[in-house]
Structures are given as C-alpha cells and as structure tokens.
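Below is one structure, written out as structure tokens; the observations come after it.
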C-alpha cells in the first residue's frame, strides 16, 4: 500500500508523486519536478491549471454568495443557463455537479416524458464501449465490458447497439424504448468518432420512432472538439444534451439541456443540494464566455490540427497505425499493447515529465488544455518521440 494514500479508500493505482501546484499546461510535484500535462484532469481543465479567470470568479462570488439552496434563484445560475441556451439549440437547463449526475438527469427526464407521452416507455438504448459515468444506473447505461456484473444486480432498462451500425439500433428498438444516448466521440473507448452519415440516420430514426436523442457531451462539450458543442460538427440537433468536465474548467459543474417540449419534470421530480449553486455557476459562466468566443474556438481548431499533424508524423516514424480525433481530443494508436509502458516512461522523463493517458492497452489519449501553445505541443511531441523510440524499438 502506498504510504501517500494510506488514509484513502483504494480506487485506483496512483504513482507516489504528489502534485503541489499547476499553471497553464504545467504541473509541479512536491519535489519541484515539472510535468507537461496532456491529460488535464481527463479533459476537465479547459483553460489549463489555475487560470486567472477562474480564480477571479471564485474569489468574487465567494465573497458575495455561496449557496442560498436550489429552492431559490440566484443570478449566476440564471445567467449561465441563459448563456447556454443562447449558444445551443436548447431551451432549458438544469445545473448539477458531475457528468454522471447530468446523465442520470437525462435518463430521468426521458423516462418522465415516456410516462407522459409514450405510455410508459422507459428503455434507453446506448452503445457498446460507451461511457456515461460511475453511478449504478450510468454503469448500466454504459457499454464498458464487465460493468454489467461488477455490482450486480444492476438497474434494468438499458439496451445496447453498435456505433455506426444503424441496423443494430433498429434491432434494439422495442415498444418500451424511449431514448437513444450517444457519445458522438467515445472518449473512454479510445476517441472513436461517430460517422456523420450514421448520426444523420440516427436522428431520422429517433424522429420516426418518437425516441429522444440524448447527446452525452460530458467530454466533448464546451470547445473540446473545436466547436462550442460536438453536435455542431454533425449537422444534427439532439433533443437532450449533457455537459460536465470542461464547463467548469476544473470545478465540479455539469448541465442537462433540453428542448422546450421535453421540459416535463414536475416540481420535486429532480433536484440536488448543490444544483445551480452560485459559486460553481459563476465559474461556469466565466469559462463558457472565454471558451465559446469564435476566435478562441478557431484557435482550438488550429492547435488541434497542429497536434494531429505531429501525431501523424510520429505514427509514420514509428510505423504505427495512426491517429484520430476532433479538435483537442485525440488518440495515437500503437501497434502493440504497450500504452501503459509509454505512460509510465513519459512521466519518469528527466528533468521534465510528460503526463499522458492510456484508455486502451494499445492507445494513448491526448486532452491538453485548450490554451496549449504550439511550442508546448512541439515539446510534448519531442518527449513522446523519445519514449516511443526507447520502448517500441528496444532490442
């Protein structure tokens, strides 16, 4: 057992280092070593570590009002909801604290609508390898292998189809089906992009069968893919959408958005102690206003292409299958199951370490700050190249 974590319940294997501070794309551990961070809390820190805009929003709001309870309006809650509506195709917003909580809210809303409008239809169709959170219901909604038995018995009412296979969705539809929940880019599965033609077919199928289309944009929303929301890349409009991670820029904040005709909760159906609290909402508004400017999003697209080109160059140099992604959510596919070795070796580089993520044994995922510079991308690619040479071409 790690001496550092002896007072913590074991949930994951952590290295012994302890981080003490961060700024922008960089973290510093208690020993003073610096790390170039291409994980950023799993796409959470959209503006990097400790950005001034978040520090200022927190300090200002903390001195004004923390939490009057969700039974009352507060100004940051109202302003953030109105801003999200202005930026999107949706009409209503529910603010929460985590992606799983927002996704649970989407399932609840879909089932409430199914009870009112579809004779009790309740089944949610998800996708193999999908990931929607770690509550029991969201583990059932996810398609991660093994999650259907880890905490059995699991909540029922969730079916699975295959991404980019409209026939599999049609087979999954029953009279009890009420919604389809999809990640337009499956992040935890390895940055798997939905095919635009499939998404259009899915939208048409949902309309024809009176199914709600739920876009889980917990990882892709708020600029990560180069647009305010990833659905804008596919020329479709979902009926419901969930946001988290990047909307808070590092603080616990999430949102469920819906079209007006699906705004069917009755008072008391949904809530939460911290839902819409002004402290987090003030941060969210500051982050959204910064990230969702068109000039900022253009920079994300430009830097995303710069990173993609660099990863493609590494793939050619090391004879790897290739890279894929959207904006600044990208993956490099390895030819062998050595991704964890690469992650460990990159972190151990001296004098500066590199932080990477391996969601699959043969794949590295990149989720840098949306503010990362081209110079920092160059530095990261150079360090990654060193590690790939050492590991992949070791005699």
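Within segment 50-68, track down each residue that is loosely packed, with under 13 Cβ neighbours inside 10 Å and either without any contact (Cβ under 8 Å) to a residue 40 or more places away in the chain or in contact with a strand residue (DSSP E or B) (Cβ under 6 Å, 6 or more places away or on another chain) (or both). 52, 55, 59, 63 - these are the residues of segment 50-68 that are loosely packed, with under 13 Cβ neighbours inside 10 Å and either without any contact (Cβ under 8 Å) to a residue 40 or more places away in the chain or in contact with a strand residue (DSSP E or B) (Cβ under 6 Å, 6 or more places away or on another chain) (or both). Residues in segment 1-18 that are surrounded by 11 or more Cβ atoms within 10 Å (Cβ to Cβ) and in contact (Cβ under 8 Å) with a residue 12 or more places away in the chain were compared, and the one that is nearest to residue 350 (Cα to Cα) is 17.
Residue-by-condition table, conditions (1) under 26 Å from residue 360 (Cβ atoms); (2) modelled with pLDDT of 95 or more; (3) more than 20 Å from the chain's Cα centre (by Cα):
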| site | (1), (2), (3) |
| --- | --- |
| 90 | no, yes, no |
| 95 | no, yes, no |
| 103 | yes, yes, no |
| 107 | no, yes, no |
| 119 | no, yes, yes |
| 122 | no, yes, yes |
| 125 | yes, yes, no |
| 132 | yes, yes, no |
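A single member of 167, 159, 172, 194 is in the same structural domain as residue 107 (by TED's automatic domain parsing), touching a helix residue (DSSP H, G or I) at 6+ places or on another chain (Cβ under 6 Å) and modelled with pLDDT of 95 or more, and it is 159.
Return the residues of segment 227-266 that are at pLDDT 95 or above, surrounded by fewer than 24 Cβ atoms within 10 Å (Cβ to Cβ) and on the phi > 0 side of the Ramachandran plot; say none if nothing qualifies. 250 - this is the single residue of segment 227-266 that is at pLDDT 95 or above, surrounded by fewer than 24 Cβ atoms within 10 Å (Cβ to Cβ) and on the phi > 0 side of the Ramachandran plot.
Of all the listed residues (241, 280), the sole one being closer than 24 Å to residue 61 by Cβ, in contact with a strand residue (DSSP E or B) (Cβ under 8 Å, 6 or more places away or on another chain), assigned by TED's automatic domain parsing to the domain that holds residue 86 and not in a loop (DSSP other than H, G, I, E, B) is 280. Taking the criterion of being under 14 Å from residue 376 (Cβ atoms) and over 22 Å from the mean Cα position of the chain (by Cα), the only residue of segment 292-322 that qualifies is 310.
The values are calculated or read from the model by the stated rules, or taken from the named source; none is laboratory data. Since the model is a prediction, treat every value here as computed from it, not as a measurement. Cβ sites come from the backbone with ideal geometry, for glycine too, and all protein chains shown count toward neighbours.
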